[in-house]
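The values are calculated or read from the model by the stated rules, or taken from the named source; none is laboratory data. Only a predicted model underlies this, so the values are computations on that prediction, with no experimental measurement involved. Cβ placement follows ideal geometry from the backbone for every residue including glycine, while neighbour counts extend to all protein chains displayed. All accessible areas refer to the heavy atoms of the entire protein, side chains included, with ligands and DNA or RNA removed. Shrake-Rupley method; radii C 1.70, N 1.55, O 1.52, S 1.80 Å.
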Amino acid sequence: MKMKSDRPYAEPERAARRLMEHARDFEPIQDGRIYIEKINYPMIYQDMATPAEYWAGLQFAINQGWIECHESGTFVRMKQAGADLFA
């Protein structure tokens, strides 16, 4: 059985790179904080990624050292390795 179309963010790396683009588009506030809803809303509702694809992308970005997530889960900070993706 063939799906009618492939999911564009089924690969965690592609999802993570798209998340990083959303994070770059947002102007960080106080200490470089990027509210989590500023990256998850456009990823899920505009890019039409599933929550599982979003979560896999977020975990991939954290594991690669591109972003760090606060223990409360309310915001992330872009690290230098993440900023270097767009250099």
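Not counting ligands, DNA or RNA, and with a 1.4 Å probe, what is residue 54's accessible surface area in Å² rounded to the nearest 10?
Around 20 Å² of this residue is reachable by solvent.
Which whole-percent values make up P(r) of the chain when all C-alpha to C-alpha distances are grouped in 5 Å steps starting at zero?
Calculated over all Cα pairs of the chain, the distribution is 3, 15, 27, 26, 17, 7, 3, 2, 1, 0 percent.
What is the extension gain from residue 13 to residue 71, computed as 0.36 nm multiplied by their sequence separation minus the C-alpha to C-alpha distance, in nm to one decimal?
Values: separation 58, 0.36 × 58 = 20.88 nm, distance 2.27 nm.
Between residue 13 and residue 71, full extension yields 18.6 nm more.
At most 13 other Cβ atoms within 10 Å plus a DSSP loop assignment makes a site exposed; report the longest stretch of the chain without any exposed trypsin sites (Lys or Arg not before Pro).
With a cap of 13 other Cβ atoms within 10 Å, the longest stretch comes to 5-87.
With every protein chain left in place, what is the accessible area of residue 70 in Å² (1.4 Å probe, nearest 10)?
Rounded to the nearest 10, the figure is 70 Å².
Residues in the stretch 17-56, backbone N under 12 Å from the label point at residue 63 (7 Å along the Cα-to-beta-carbon vector): list them, ranges by number please.
Flagged as within label range: 56.
Roughly how many percent of the accessible protein surface of the chain is carbon and sulfur, given a 1.4 Å probe and a whole-percent answer?
Numbers: 2930 of 5850 Å².
Taking all protein chains in place, the chain shows 50 percent carbon and sulfur surface.
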